[in-house]
Amino acid sequence: MSDTIPPCPKCESPYAYEDGSLLICPECAHEWNPNEVVVDPDAIILKDAVGNLLEEGDKVTLIKDLKVKGTSLTLKVGTKAVINRFVDADHDIDCKVDGQGQMMLKSKFVKKQS
């Protein structure tokens, strides 16, 4: 174990102490293992139409024709896009579609490129 004990991940208290393999915060009573990988509970985890885990920056292709709401435009199967970010909404991917620009898509209509 290192000489410096990190602050509490829950309340940021600098007074955490060791108890065996765990660290304990005396202010909020939070216990944690300093060797565990911390997962952000607010992170959005999305999968494509076939179950592949998506990440920001991934290149994806459309798996079906999609009509663009408010226009006569239809995005065809195989159209490529790059994921910019995830959004916690109905259309959960903010991406740049080749030849069309910025759009919001649903993850169930895309497939990750390998």
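The values are calculated or read from the model by the stated rules, or taken from the named source; none is laboratory data. Note that this is a predicted model, so its numbers are computed, not measured. Because the Cβ atoms are built from the backbone with ideal geometry, glycine has one as well, and the counts that use them run over all protein chains shown. Each accessible area value is taken on the protein alone, full model and side chains, heavy atoms only, with ligands, DNA and RNA left out. Shrake-Rupley method; radii C 1.70, N 1.55, O 1.52, S 1.80 Å.
From the list L23, L66, L105, which residue is surrounded by 16 or more Cβ atoms within 10 Å (Cβ to Cβ) and closer than 30 Å to C8 by Cβ?
Working: L66 fails: closer than 30 Å to C8 by Cβ; L105 fails: closer than 30 Å to C8 by Cβ.
Result of the check over L23, L66, L105: L23.
Which ones in segment 85-99 are open to solvent by 80 Å² or more (accessible area, probe 1.4 Å) and in contact (Cβ under 8 Å) with a residue 40 or more places away in the chain?
D88
When segment 84-102 is examined, which residues are found to be of a type outside the set (D, E, K, R) and touching a Lys or Arg at 6+ places or on another chain (Cβ under 8 Å)? Step through it out loud before you land on a result.
Quick first cut of segment 84-102, residues of a type outside the set (D, E, K, R) only: 84, 86-87, 89, 91, 93, 95, 97, 99-102.
Answer for segment 84-102, where residues must be of a type outside the set (D, E, K, R) and touching a Lys or Arg at 6+ places or on another chain (Cβ under 8 Å): N84, H91, I93, V97, Q102.
Just to confirm my filter: which strands (runs of 3 or more DSSP E) fall fully inside segment 14-114 and include at least 2 residues that are over 30 Å from T4 (Cα atoms) and not aromatic (F, W, Y)?
Numbers: elements: 17-19, 22-24, 59-62, 80-86, 93-97, 101-105, 110-112.
Qualifying strands (runs of 3 or more DSSP E): 59-62, 80-86, 93-97, 101-105, 110-112.
For segment 32-44, check the following and say yes or no: at least one residue is among the aliphatic types (A, V, I, L, M), in contact with a strand residue (DSSP E or B) (Cβ under 7 Å, 6 or more places away or on another chain) and at pLDDT below 90. Give the steps one after another, and end with the answer.
Within segment 32-44, the subset among the aliphatic types (A, V, I, L, M) is 37-39, 43-44.
Filter once more, keeping what is in contact with a strand residue (DSSP E or B) (Cβ under 7 Å, 6 or more places away or on another chain): 44.
This time we only want the ones that are at pLDDT below 90, so: 44.
Taking every residue of segment 32-44 in turn, at least one turns out to be among the aliphatic types (A, V, I, L, M), in contact with a strand residue (DSSP E or B) (Cβ under 7 Å, 6 or more places away or on another chain) and at pLDDT below 90.
Could you please give the count of residues in segment 69-84 that are of a type outside the set (S, T, N, Q), at pLDDT 95 or above and either open to solvent by 50 Å² or more (accessible area, probe 1.4 Å) or under 20 Å from the mean Cα position of the chain (by Cα) (or both)?
6
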